[in-house]
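> Below you'll find the structure I mean.
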Amino acid sequence: MLAFVLRRLIQAVVVMLTVAFIAFMLFQYVGDPVTNLLGQDATVEQREQLRADLGLDAPFPVQFARFVGNALQGEFGLSLRQGRRVSQLIVERFPATIELSLSAAVIALLVGVPLGVYTALRRGSFGSQVWMTLSLVGVSLPTFLIGILLILVFAVIFKVLPSFGRGDVVSIGAWTTGLLTLDGWKHLVLPAITLSVFQLALIMRLVRAEMLEVLRTDYIKFARARGLSDRAVYFGHALKNTLVPVITITGLQLGALIAFAIITETVFQWPGMGLLFIQAVQFADIPVMAAYLCLIALIFVSINLAVDLLYFAVDPRLRIERVAAAH
Amino acid sequence: MSTVLAAPVKPSRWARFVDSDLWYSFRHSPTAMVASTIALLCLVCALFAQWIAPHNPFDLATLDLIDARLPPAWIEGGSTKYLLGTDDQGRDILSALMYGSRISLFVGLASVLLSVLIGVGLGLLAGFAGGAIDGFIMRVCDVMLSFPSILVALLIDGLGRALFPNAHESLAFSVLVFAIALTGWVQYARTVRGSTMVERNKEYVQAARVIGVAPLRVMFRHVLPNVLGPVLVLATIQIAGAIITEATLSFLGVGVPPTSPSLGTLIRIGQDFLFSGEWWITVFPGVMLVLIALSVNLLGDWLRDALNPRLR
C-alpha cells in the first residue's frame with residue numbers, strides 16, 4: 001500500500017517538474033527580458049548590470065531551482081501585456097472558471113445519468129434512439145459551435161438570456177461569486193450548458209453501456225428470480241454498480257472541463273482563467289502562459305492522483321492482486 | 001507430353017475489391033453510403049474550389065462593399081448572385097466555404113498523416129526494442145494522455161508563436177499542423193506498440209530473423225503491414241478530430257492566418273455579426289464543419305465495425 005502511494009506520488013512530482021521545466025524553458029528561450037525592460041538603446045554595461053541584478057547570469061540549474069522555488073510560492077512575475085502580477089491576475093480569474101466548470105459538471109451528471117438509464121432500459125425504443133442520435137451529434141459538435149448556436153437562439157432571437165460576461169458578482173473575501181444574484185445565474189445558464197454538452201453525452205453513453213453490461217449479469221437474474229420489483233432491480237442493484245466508473249470518469253473529466261472552459265469562456269467572454277490564457281497565447285505573454293500551464297498541470301495531477309488512490313481504497317481486488325504479485 | 005497447366009487466373013484488383021467483405025458491408029450499410037457521399041461531396045468542393053466556386057473570395061478586385069452583408073438568396077434582399085449571402089466585406093459565403101473547407105481539410109489530413117508517421121514509428125520502436133526505450137516512450141504517452149488534446153495543441157501553438165514572433169504565413173501553417181500532430185500521435189503509438197509486441201513473438205518473425213533478415217527490415221517489411229489495420233480505423237476517426245481541433249484553434253484566433261480563412265476563422269468572423277442579425281455568416285460555415293466531422297466520424301465507426309472480425 002505504502003509503496004503504491006509512494007510510487008504514485010513520485011510519478012506526480014516528476015510530471016510537475018517536467019511541466020515546470022517546460023514553463024522555465026519558455027522564459028529562458030522566448031524573448032529577452034533585458035531588452036524588454038531596457039529597450040533597444042541600452043549600453044552593454046547597463047545590460048550586463050541588469051542581467052546580474054535579475055540573476056540571469058547564474059548557472060542553468062540554479063536558475064531552474066530559483067524558478068521552481070518562486071513557482072511553489074505562486075510567483076510568476078509580471079504579465080508582459082498588462083504589467084500586473086500574474087499571481088494576482090490568476091487569483092482574480094480563478095473563481096469564475098471554477099464556478100463555470102462545476103456547474104457544467106453538475107448539469108452533465110443530473111441530466112446524463114437519467115438519460116443513460118433510460119436509453120439502457122428502453123433499448124430500441126423510438127425515444128432512446130432519438131437520444132442516442134442526439135448524443136452522437138453532441139459529441140461531434142465542436143464546443144464553440146454549440147455556444148454560438150445557443151447565443152443565436154436564446155440571446156439574439158428570443159432575447160431571454162444574456163450572452164456575455166458574468167453579470168453581477170458578490171465578493172466573499174478573495175472569492176467572487178455570481179451564484180448569489182439572479183443576474184449572475186442568468187449569465188451562467190448558457191455557458192454552463194455549452195460546456196456540459198460534451199460531458200453529458202459522454203456520461204449518458206457510459207451509463208448506458210455499463211447498465212447494459214450489468215443487466216446481463218447473474219446477480220440481476222437472481223434478483224429478478226427472487227421476485228424483486230423492476231424498480232428495485234434497476235435502481236437498487238444495477239444502477240448502484242454502474243456508478244463507480246461513472247464517478248471516476250466524471251472526476252477525471254473535471255480537469256478536462258476546466259481546460260475546455262478556454263473555448264466556452266472565449267465564446268461568452270466569461271472573465272475566467274481560460275480567457276486570460278488565450279489572450280496570453282495570442283500576445284505571446286509568457287509569464288501568464290507559464291503560470292496557467294503550471295496551475296492546470298497541478299489540478300490534473302492532483303485529480304489523477306486522488307482518483308488512483310480512491311480506486312485503491314474502493315476496490316479491494318486491486319489490493320489483493322498487488323499482495324499476491326508481491327509474493 | 002507434359003501439358004502446361006493453366007495457372008489459375010488471378011482476379012484483377014478491381015474484381016477482388018468488388019468481391020471483398022468490405023465492399024459487401026459497405027453496400028449493406030446505408031449510414032456508410034450516405035456518410036461517404038457527403039464526405040466525397042465536401043472533398044470535391046474543397047479540392048476543386050478554384051473551378052467550382054462562383055466567386056473568388058480572395059480576389060480583392062471583385063469585392064464590392066455594396067454587396068456586403070447580403071442575406072442568402074431565398075431571403076428578401078438576397079440575390080441569386082450570392083446563393084448563401086455575403087459577409088462584411090462582400091465576400092460570397094458559398095465560395096468562402098469551399099476555399100475554407102479546403103484549408104480545413106488540408107490541415108486535418110496533413111496533421112493526421114504526420115501523427116500517424118510519428119505514432120507508428122515510435123510505437124514500432126517501443127514494441128520492438130522493449131526495455132528502457134519502451135518504458136520512456138510509454139511514460140511520455142501517459143503524461144500526454146492525462147492532458148486534454150486541445151490544451152496540448154494550444155500550448156505547442158503558443159510556443160511556436162512565441163518562438164517565431166514575426167513568422168511568415170507558411171510557417172503559421174506548419175506550426176498549426178505540428179501542434180495538432182504532436183497531440184494525436186499517442187494513440188497510434190499505443191495501438192502499434194500493443195500489436196507489435198504480439199507480432200514480435202510469432203513464428204514468421206522468428207523465421208525472418210533466423211534466415212538473417214536485418215532487424216530494421218523485419219520491423220518495416222514484416223511487422224509493420226500486420227499492425228496497420230487498427231491504425232487505419234483510428235486515422236479515419238482522427239481526421240474528424242483534427243479538423244475540429246483546427247477549427248477550434250482558428251476560432252480562438254491562434255490557428256491559420258486570417259488571410260486564408262478556414263471554417264473556424266469564418267465562424268469567428270461571423271460571430272461578431274450575430275447580434276446585428278446576420279446569422280448566415282457564421283451558421284453556414286458551422287453547418288459545413290459539422291457535416292464534414294459527422295460524416296467522417298460515421299465512416300470511421302463503420303470501418304471499425306466492418307474490419308472487426310468478431311462482429312461478422
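The values are calculated or read from the model by the stated rules, or taken from the named source; none is laboratory data. All values derive from a computational prediction rather than experimental measurement. Using ideal geometry, Cβ is built from the backbone for each residue, glycine included, and neighbour counts are taken over all protein chains shown.
> Assess whether residue A:242 counts as being among the hydroxyl-bearing types (Ser, Thr, Tyr), within 29 Å of residue A:88 (Cα to Cα) and modelled with pLDDT under 85.
no
> Provide a single number: the residues in segment B:55-68 that are farther than 14 Å from residue B:284 by Cβ and in a loop (DSSP other than H, G, I, E, B).
Of the residues in segment B:55-68, 7 are farther than 14 Å from residue B:284 by Cβ and in a loop (DSSP other than H, G, I, E, B).
> Being within 14 Å of chain B (Cβ to nearest Cβ), buried (at least 18 other Cβ atoms within 10 Å of the Cβ) and modelled with pLDDT under 75 narrows it down to one residue among A:291, A:284, A:297, A:280; which is it? Break it down into steps so the answer makes sense when it comes.
Details: A:291 fails: modelled with pLDDT under 75; A:297 fails: modelled with pLDDT under 75; A:280 fails: modelled with pLDDT under 75.
Matching residue, one of A:291, A:284, A:297, A:280: A:284.
> In segment B:126-151, how many are surrounded by fewer than 19 Cβ atoms within 10 Å (Cβ to Cβ), more than 7 Å from every other protein chain (Cβ to nearest Cβ) and not charged (D, E, K, R)?
The total comes to 11.
> To continue, here is another question. Do you know which residues across segment A:105-143 are within 14 Å of another protein chain (Cβ to nearest Cβ) and assigned to a helix (DSSP H, G or I)?
Let us first name the residues in segment A:105-143 that are within 14 Å of another protein chain (Cβ to nearest Cβ), namely A:129, A:132-143.
Those that are within 14 Å of another protein chain (Cβ to nearest Cβ) and assigned to a helix (DSSP H, G or I): A:129, A:132, A:133, A:134, A:135, A:136, A:137, A:138, A:139, A:140, A:143.
> To continue, here is another question. Read through the list (1) surrounded by 23 or more Cβ atoms within 10 Å (Cβ to Cβ); (2) more than 12 Å from residue B:177 (Cβ to Cβ); (3) in contact (Cβ under 8 Å) with a residue 60 or more places away in the chain, then give the number of the only condition that residue B:88 fails.
The single condition residue B:88 does not satisfy is (1).
> In segment B:250-277, how many are within 9 Å of chain A (Cβ to nearest Cβ), closer than 22 Å to residue B:75 by Cβ and hydrophobic (A, V, I, L, M, F, W, C)?
3
> Considering only segment B:160-170, I want to know if a residue exists there that is within 14 Å of chain A (Cβ to nearest Cβ) and in contact (Cβ under 8 Å) with a residue 24 or more places away in the chain.
The initial filter retains those residues of segment B:160-170 that are within 14 Å of chain A (Cβ to nearest Cβ), namely B:160-167.
Applying the additional criterion that residues be in contact (Cβ under 8 Å) with a residue 24 or more places away in the chain yields B:161.
Within segment B:160-170, one or more residues are within 14 Å of chain A (Cβ to nearest Cβ) and in contact (Cβ under 8 Å) with a residue 24 or more places away in the chain.
> Right, here's the next one. Test residue A:73 against the criterion of being over 28 Å from the mean Cα position of the chain (by Cα) and either within 14 Å of chain B (Cβ to nearest Cβ) or modelled with pLDDT of 75 or more (or both), and give yes or no. Even if it seems obvious, please write down each step before you answer.
Values: over 28 Å from the mean Cα position of the chain (by Cα): no; either within 14 Å of chain B (Cβ to nearest Cβ) or modelled with pLDDT of 75 or more (or both): yes.
So residue A:73 fails the test.
> While we're here: Mind listing whichever residues of segment B:228-242 are within 13 Å of chain A (Cβ to nearest Cβ), crowded, with 22+ Cβ neighbours inside 10 Å and of a type outside the set (Gly, Ala, Ser)?
Result: B:239, single match.
> Go through segment B:126-139 residue by residue and tally those that are free of Cβ contacts under 8 Å to residues at least 24 places away in the same chain and on the phi < 0 side of the Ramachandran plot.
Within segment B:126-139, residues that are free of Cβ contacts under 8 Å to residues at least 24 places away in the same chain and on the phi < 0 side of the Ramachandran plot number 6.
> Within segment A:142-156, how many residues turn out to be under 19 Å from residue B:250 (Cβ atoms), in contact with a Gly (Cβ under 9 Å, 6 or more places away or on another chain) and not aromatic (Phe, Trp, Tyr)? I'd like the intermediate steps shown before the answer.
Taking segment A:142-156 first, the residues under 19 Å from residue B:250 (Cβ atoms) are A:142-149, A:151.
If we keep only those that are in contact with a Gly (Cβ under 9 Å, 6 or more places away or on another chain) too, we end up with A:142, A:144-146, A:148-149.
From the residues that got through so far, the ones that are not aromatic (Phe, Trp, Tyr) too are A:142, A:145-146, A:148-149.
Residues in segment A:142-156 being under 19 Å from residue B:250 (Cβ atoms), in contact with a Gly (Cβ under 9 Å, 6 or more places away or on another chain) and not aromatic (Phe, Trp, Tyr): 5 in total.
> Would you say residue A:54 is modelled with pLDDT under 75 and surrounded by fewer than 14 Cβ atoms within 10 Å (Cβ to Cβ)? Let's see the steps before the verdict.
On the way: modelled with pLDDT under 75: yes; surrounded by fewer than 14 Cβ atoms within 10 Å (Cβ to Cβ): yes.
Yes, satisfied.
> Hey, another quick one. When segment A:194-221 is examined, which residues are found to be within 29 Å of the chain's Cα centre (by Cα) and polar (S, T, N, Q)?
A:194, A:196, A:199
> For segment B:258-279, give me each residue that is out of contact with any Ser or Thr (no Cβ under 9 Å at 6 or more places or on another chain), crowded, with 18+ Cβ neighbours inside 10 Å and touching a residue at least 24 places away in the same chain (Cβ under 8 Å).
The answer is B:278, and nothing else.
> Of these, B:216, B:228, B:252, which one is over 26 Å from residue B:301 (Cβ atoms) and under 21 Å from the mean Cα position of the chain (by Cα)?
Numbers: B:216 fails: under 21 Å from the mean Cα position of the chain (by Cα); B:228 fails: over 26 Å from residue B:301 (Cβ atoms).
That would be B:252, the only listed residue that is over 26 Å from residue B:301 (Cβ atoms) and under 21 Å from the mean Cα position of the chain (by Cα).
> Let me ask something additional. Tell me the residue from A:201, A:225, A:155 that is on the phi < 0 side of the Ramachandran plot and more than 14 Å from chain B (Cβ to nearest Cβ), please. So that I can check it myself, show each step before the final result.
Working: A:201 fails: more than 14 Å from chain B (Cβ to nearest Cβ); A:155 fails: more than 14 Å from chain B (Cβ to nearest Cβ).
Testing whether each residue is on the phi < 0 side of the Ramachandran plot and more than 14 Å from chain B (Cβ to nearest Cβ) leaves just A:225.
> Then there's this: Out of (1) at the interface with another protein chain (Cβ under 10 Å from one of its Cβ atoms); (2) buried (at least 21 other Cβ atoms within 10 Å of the Cβ), the odd one out for residue A:149 is which?
(2)
> Does any residue of segment A:81-96 turn out to be surrounded by fewer than 19 Cβ atoms within 10 Å (Cβ to Cβ) and within 13 Å of chain B (Cβ to nearest Cβ)?
Yes, segment A:81-96 has at least one match.
> Return yes when residue B:71 is buried (at least 22 other Cβ atoms within 10 Å of the Cβ), of a type outside the set (Val, Ile, Thr) and not in a helix (DSSP H, G or I) and no when it is not. Let's see the steps before the verdict.
Values: buried (at least 22 other Cβ atoms within 10 Å of the Cβ): no; of a type outside the set (Val, Ile, Thr): yes; not in a helix (DSSP H, G or I): yes.
The answer is no for residue B:71.
> Among the residues in segment B:278-293, are any part of a loop (DSSP other than H, G, I, E, B) and either more than 9 Å from chain A (Cβ to nearest Cβ) or modelled with pLDDT of 85 or more (or both)? Give the derivation first.
Narrowing segment B:278-293 to residues part of a loop (DSSP other than H, G, I, E, B): B:278-279.
Retained after the next criterion (residues that are either more than 9 Å from chain A (Cβ to nearest Cβ) or modelled with pLDDT of 85 or more (or both)): B:278.
Within segment B:278-293 (the criterion being part of a loop (DSSP other than H, G, I, E, B) and either more than 9 Å from chain A (Cβ to nearest Cβ) or modelled with pLDDT of 85 or more (or both)), the answer is yes, since at least one residue qualifies.
> Also: Could you run through segment A:154-176 and say how many residues are more than 30 Å from residue A:88 (Cα to Cα) and surrounded by fewer than 13 Cβ atoms within 10 Å (Cβ to Cβ)? Quick ask: steps written out before the conclusion?
Step one: of segment A:154-176, the residues more than 30 Å from residue A:88 (Cα to Cα) are A:154-161.
Filter once more, so that each one left must be surrounded by fewer than 13 Cβ atoms within 10 Å (Cβ to Cβ): A:157-160.
Adding up the residues that qualify gives 4.
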